[in-house]
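Data first, discussion second: the structure below is written as structure tokens.
What follows is calculated from the coordinates using simple rules that are stated; it is not laboratory data. Keep in mind it's a predicted model, so treat the numbers as computed, not measured. Methodologically, a virtual Cβ is constructed for each residue, glycine included, from the backbone with ideal geometry; neighbour enumeration extends over all protein chains shown.
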Amino acid sequence: MEQKKHDAVMIDYEKIFHPQKLAIVGVSEEGAGFGSGMFNVLQAMGFEGEIFPVNPKGGKFSGIDIYKRVEDIPVKLDFAIICVTAKAVPDVLEACRKKGAAGAEILSAGFSELGTAEGVELENKIRQIVAKGIRVVGPNCFGIYCPRSGLTLLPGPDLSRRSGSVAFLSQSGGMAIDFAHKGKWMGIGFSKVVSFGNGADLRETELLRYFANDPETRIITMYIEGIKDGDSFFREIKAASYRKPVIVCKGGLSPDGQRMVVSHTASMGGSRVIWQSVLKQVNAVQVQDLEELAEASLAFSFLPEKVFKNISVVVGGGAFGVIACDAAEAFGIEIPPLSADLQMRIGELLPKPGSSGLNPIDVASPFVSPQVLKEILRNAGADDRIDLQIIISLLYHYKTMARALGKPVKEVAPYRELAVGIQDVVKETGKPIVVILANPKRGVDDLDIIEMLALARREFLDRGLPVFDELHEAIRAIGHVNGYYRRRKAENG
Amino acid sequence: MDKNSAFGIIKNASRERRKALSEYEAKQVLAAYGIPVTREYLVESRADVEKAAQKIGYPLVIKGCSSEIAHKTEKGLIHTDIRSDAEALKAFDEIKEKLNIYNGAVLIQEMIPGRRELVLGMTRDDQFGPCVMFGLGGIFTEIIKDISFRKAPVEKSDALEMMREIKGHNILSAFRGMEAADVESLANILIQLGEIGLEIDYVQEIDLNPVIIFGKKPIVVDALIILK
């Protein structure tokens with residue numbers, strides 16, 4: 001019985017994320033408003049299903065007939081996007097339910113977030129309809145982005161259609177759209193992104209359970225401000241993080257209210273401390289902002305599921321090596337000296353003087369050829385103790401060379417050769433290599449460098465090599481991977 | 001003392017609309033949950049002081065015990081290292097005088113020697129319910145805030161991790177001639193604090209401060225239980 005119910009739920013989710021018959025309620029002939037906007041972006045995304053626009057005034061939009069009422073749609077619906085005024089939402093939702101829709105996303109605002117009695121009442125009406133058998137995302141949200149089906153957030157006509165393994169569930173629509181855009185160039189592929197706004201029905205607890213079971217999702221990420229029920233959240237996040245990494249950005253502090261506390265324990269157990277403790281207790285990865293969330297997602301997506309205790313770092317300049325050691329130490333990662341014979345072999349490859357084959361390996365010059373860098377990485381990776389390698393690429397320096405040659409920097413910088421070489425070493429050694437594309441030159445004078453590095457990033461990412469802008473960001477992200485798998489291993493005995 | 005009598009103590013206090021248990025009552029509740037507490041007697045008269053002292057043996061700690069006073073040290077209600085009947089009676093008289101305006105009695109308690117002080121506790125979070133705390137005790141607790149929390153129910157692995165998590169966790173290892181603290185016993189206290197939070201709704205907050213490591217055994221020397 002339980003299993004049957006569970007299967008039914010999974011089928012509903014399938015219809016929600018990959019609908020074949022989709023109603024958009026609130027599409028106006030004039031093309032104004034969220035509904036029409038949604039119609040346009042879904043077409044731009046190449047949404048795979050059939051769309052039925054609805055508006056009481058009827059007419060045509062983009063050459064397609066607009067139905068006056070949901071009831072008039074001649075087929076059974078899978079999903080609906082509702083963008084009508086708040087007052088009209090309950091009736092529309094009920095009509096969608098009767099049309100067989102498994103779910104609806106309600107983009108409209110004007111509910112409990114207003115704090116008015118009317119807003120709260122309207123949201124309660126939504127819940128009453130939900131209880132009759134339809135799942136709701138929202139209201140007051142940006143909706144669902146699912147690269148596989150082409151469902152997208154508003155405004156998101158240009159999000160990637162490439163499906164990936166990261167799910168994001170977010171109370172904030174702005175955070176959802178930002179992460180979706182950020183992921184596209186950073187190389188983070190999404191299974192599903194859900195902005196659930198007020199979360200009248202589906203929210204953190206339900207979505208955690210779904211994503212824990214979703215075979216498309218390997219990494220769960222979330223942005224939450226408040227939760228509805230601490231105990232069920234705790235249960236679900238614990239169960240989820242037992243199976244896959246759960247990365248949490250907790251925004252804001254829950255108000256502690258005006259409660260008086262007497263004991264030392266209560267005075268020290270403020271909301272921030274308790275949140276940190278609870279996330280640690282369930283082995284969730286806590287991050288502070290969207291940047292760190294994205295970086296951690298990148299590391300979890302690209303790196304194998306293990307702890308990287310010892311790493312080698314290839315740098316150009318002694319100070320980078322010192323900073324690398326400091327950063328690594330803070331996360332319990334070691335940069336051990338390589339074995340003597342490898343040091344010697346690497347030393348022979350390095351330009352003289354000023355270089356060091358110790359680890360961090362200081363190549364001293366930004367113009368060491370990709371072939372030599374490849375040989376260095378191949379040797380360092382041969383050390384049994386090394387679990388992972390980082391290379392800080394100084395490609396931006398090629399602008400100087402490009403100027404001398406009178407060519408654009410993107411034609412001079414050997415990023416493709418470097419990417420190919422690094423990929424070869426990863427295959428050969430079986431150890432991941434993380435690339436840092438450092439760039440201290442980001443002004444309008446150096447847009448050519450920015451362009452070149454964007455192209456370079458794509459080459460690395462296409463070859464399965466994770467790219468970070470800064471060394472400390474990469475080390476912090478690797479630290480999160482280590483923390484998660486170390487504790488999961490401990491839990492599993 | 002079993003759990004039923006513990007519920008009884010709390011029900012009684014809440015019927016009287018009290019905001020807290022006295023130290024003596026709090027320790028009975030803790031003992032009912034298998035948490036090791038000091039041996040102690042509540043006395044009303046001078047004659048009882050000597051009897052209690054004889055049963056426990058010197059040195060002693062003598063405290064004012066009232067549910068109306070949450071923090072005793074500030075009020076001069078704790079006399080430590082009492083070594084004779086004369087000293088005990090003197091302390092009794094002084095405390096009695098200070099207690100004057102409060103409802104309370106005098107608590108005669110074994111003195112637990114030990115240089116390592118911890119603070120353990122329970123608080124209720126608005127979102128996550130009962131949460132248990134572990135930290136370094138002593139006068140710097142609130143300044144250093146070297147503490148860890150876990151939501152109840154606390155599993156043994158959680159409890160062990162809470163202890164490892166604080167910066168001063170080495171205090172639990174053998175050092176300076178002291179034995180390694182019995183972490184199993186500490187883990188059990190943390191688990192039981194969580195259980196109290198889950199089982200007794202009336203209990204709002206708990207402070208075990210200090211818990212002193214005697215040899216290797218943790219013993220609750222002072223306890224505060226705040227009611228809803």
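A few comments on the model shown:
- Value of relative contact order over region B:3-110, rounded to a whole percent, pairs C-alpha under 8 Å and six or more apart: 33
- Size descriptors for region B:3-110, from the alpha-carbon set: Rg then Dmax equal 13.9, 39 Å.
- Rounded to whole Hz, the Karplus (6.51, -1.76, 1.60) HN-Hα couplings of region A:420-429, x for glycine and proline: 4, x, 5, 4, 4, 5, 4, 4, 5, 8
- For region A:230-381, the percent of C-alpha pairs falling in each 10 Å distance bin, counted from 0 to the bin holding the largest distance, reads 9, 26, 24, 18, 14, 7, 2.
- Two-decimal Rg/Rh across the protein assembly as shown, once Rg and the Kirkwood Rh are taken from alpha-carbon atoms: 1.08
- In this structure, the pairs whose alpha-carbon distance is over 31 Å, taken from A:250/A:441; A:238/B:27; B:96/B:151; B:27/B:51; A:182/A:399; A:60/A:87, are A:250/A:441; A:238/B:27; B:96/B:151.
- Near residue A:135, the amide H atoms lying under 5 Å from its own belong to A:103, A:104; only residues 5 or more places off or on other chains count, and H is placed 1.01 Å from N.
- Cα-based equivalent ellipsoid of region B:82-175: semi-axis lengths in Å, sorted from largest, via gyration tensor: 35, 20, 12
- Binning the C-alpha pair distances of region A:304-491 at 10 Å intervals from 0 yields a P(r) profile of 9, 38, 37, 14, 3, 0 %, listed from the shortest bin outward.
- Rounded to whole Hz, the Karplus (6.51, -1.76, 1.60) HN-Hα couplings of region A:278-292, x for glycine and proline: 5, 5, 5, 4, 9, 6, 8, 8, 8, 10, 9, 7, 5, 4, 5
- Under 5 Å from the amide H of residue A:313 lie the amide H atoms of A:361, A:390, each residue being 5 or more positions distant or on a separate chain, with H modelled from the backbone and absent for Pro and chain starts.
- Helix B:156-165 axis, angle to chain B major axis (alpha carbon atoms, nearest 10°): 80
- Cα-based shape type of region A:1-122, given that a ≥ b ≥ c are square roots of the gyration tensor eigenvalues and the cut on a/c is 1.5: oblate
- With θ taken as phi - 60° and the Karplus curve 6.51 cos²θ - 1.76 cosθ + 1.60 applied, the whole-hertz 3J(HN,Hα) list for region B:85-94 is 4, 4, 4, 5, 5, 4, 4, 4, 4, 4 Hz, x standing for glycine and proline.
- Residue (of A:449, A:360, A:109) at the positive-pole extreme of chain A, dipole from beta-carbon charges: A:109
- Eligible aspartates and glutamates near residue B:55 by straight Cα distance, threshold 13 Å, same-chain separation 8 or greater: B:40, B:85, B:110
- Label separation (residue B:75 vs residue A:330): 4.7 nm, computed from points 7 Å beyond Cα along the C-beta direction.
- Region A:358-493: relative contact order in percent, alpha carbon pairs under 8 Å with at least 6 residues between: 25
- 5 angstrom amide H check on residue A:61, placed H, neighbours 5+ away: A:66
- Using alpha-carbon coordinates, inclination of helix A:471-491 to the longest axis of chain A, degrees: 70
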